[in-house]
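Everything below concerns the one structure shown next.
The values are calculated or read from the model by the stated rules, or taken from the named source; none is laboratory data. Here the structure is a predicted model, which means the values were calculated and not measured. Cβ sites come from the backbone with ideal geometry, for glycine too, and all protein chains shown count toward neighbours.
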Amino acid sequence: MTKSTRKTLATWRDRWSDPLLTVLTVLLFLIIFVIAPLRGDGLPGAQDIGLAISVIIIGAIVVLSGDVIAIGVIVVAFGMTIVAAVLRLHGLFPLDVYVQASAWLVIGIALIWVVSKAVFAAGRITYHRVMGAILLYLSIGWTFAGLFTLMALIVPGAFSGFTVTDRPALAADVFYLSFGTLTTAGAGDITPVHPMARSLVNILTMIGQLYPATLLARLVTLEIEDESRG
């Protein structure tokens with residue numbers, strides 16, 4: 001990355017970092033809770049819309065991070081998404097799902113890394129940073145969706161009521177499992193059977209329980225610190 005490019009990204013980041021947290025929250029919400037179910041329902045063009053939103057998300061992460069490593073990871077993840085789409089066109093299951101689930105995992109980890117630094121940085125707590133905290137929550141669920149998919153691929157029968165096949169509803173099903181676990185609302189028709197699957201579900205459930213209290217404590221601390229400096 002050239003010096004001028006880094007300078008441009010730094011300028012954009014200073015100006016748009018907070019609003020981008022809100023934009024990313026809305027876009028990720030749309031992909032998880034609107035585009036994925038519509039694609040599962042067979043809506044024409046839903047996959048293309050989802051891909052377009054993913055491109056915007058990746059661009060926003062690049063601007064928000066300013067971190068060469070994070071940018072490299074995001075570029076690799078986007079390439080994996082393209083590769084998965086090509087493999088799907090050629091009917092190369094389960095390789096396409098392995099690549100897609102890995103891309104979900106990489107994107108989720110990159111989002112958690114970049115967003116957590118922006119949300120929990122020193123300074124005044126704004127509306128956009130609160131939205132960023134919601135984005136971080138969504139990113140955790142997104143990441144575990146990738147983990148659950150890989151778990152079900154590696155160990156067939158790891159979940160009762162959920163098997164990985166190359167179908168349009170796969171993303172909607174795995175997001176249902178992940179966010180049902182994260183919110184502790186549960187996904188009653190899908191249960192972990194394998195010990196490692198149960199372990200992943202337990203970890204995500206604990207995160208869902210601890211996240212609100214930890215988040216609130218950190219945001220209150222940041223606000224107090226900002227007021228004391230003022």
Run down GLY208, GLY180 and say which single residue is under 20 Å from ILE31 (Cα atoms), not hydrophobic (A, V, I, L, M, F, W, C) and not in a loop (DSSP other than H, G, I, E, B).
GLY180
Where VAL68 falls short, out of the listed (1) at pLDDT below 85; (2) out of contact with any helix residue (DSSP H, G or I) (no Cβ under 9 Å at 6 or more places or on another chain)
(2)
Going through THR214, THR149, THR165 one at a time, which residue ends up being surrounded by 13 or more Cβ atoms within 10 Å (Cβ to Cβ) and either of a type outside the set (Phe, Trp, Tyr) or farther than 17 Å from ALA36 by Cβ (or both)?
THR149
Just one of VAL86, VAL55, VAL99, VAL75 is without any contact (Cβ under 8 Å) to a residue 24 or more places away in the chain, crowded, with 19+ Cβ neighbours inside 10 Å and in a helix (DSSP H, G or I); which is it?
VAL99
Is there any pair with a first residue in the stretch 135-163 that is at pLDDT 95 or above and part of a loop (DSSP other than H, G, I, E, B) and a second that is aromatic (Phe, Trp, Tyr) and surrounded by 21 or more Cβ atoms within 10 Å (Cβ to Cβ) whose Cβ atoms are under 9 Å apart and which are 6 or more apart or on different chains, and what are they?
ALA158/PHE148
Total residues in the stretch 44-69, condition more than 17 Å from ILE107 (Cβ to Cβ) and touching a Pro at 6+ places or on another chain (Cβ under 9 Å):
1
Residue set ARG6, ARG39; condition at pLDDT 90 or above, touching a helix residue (DSSP H, G or I) at 6+ places or on another chain (Cβ under 9 Å) and of a type in the set (D, E, K, R); output residue ARG39
Looking at (1) part of a helix (DSSP H, G or I); (2) touching a helix residue (DSSP H, G or I) at 6+ places or on another chain (Cβ under 8 Å); (3) aliphatic (A, V, I, L, M), which is the only condition LEU216 fails?
(2)
Check on ILE35, surrounded by fewer than 19 Cβ atoms within 10 Å (Cβ to Cβ), under 23 Å from SER178 (Cα atoms) and under 15 Å from the mean Cα position of the chain (by Cα):
no
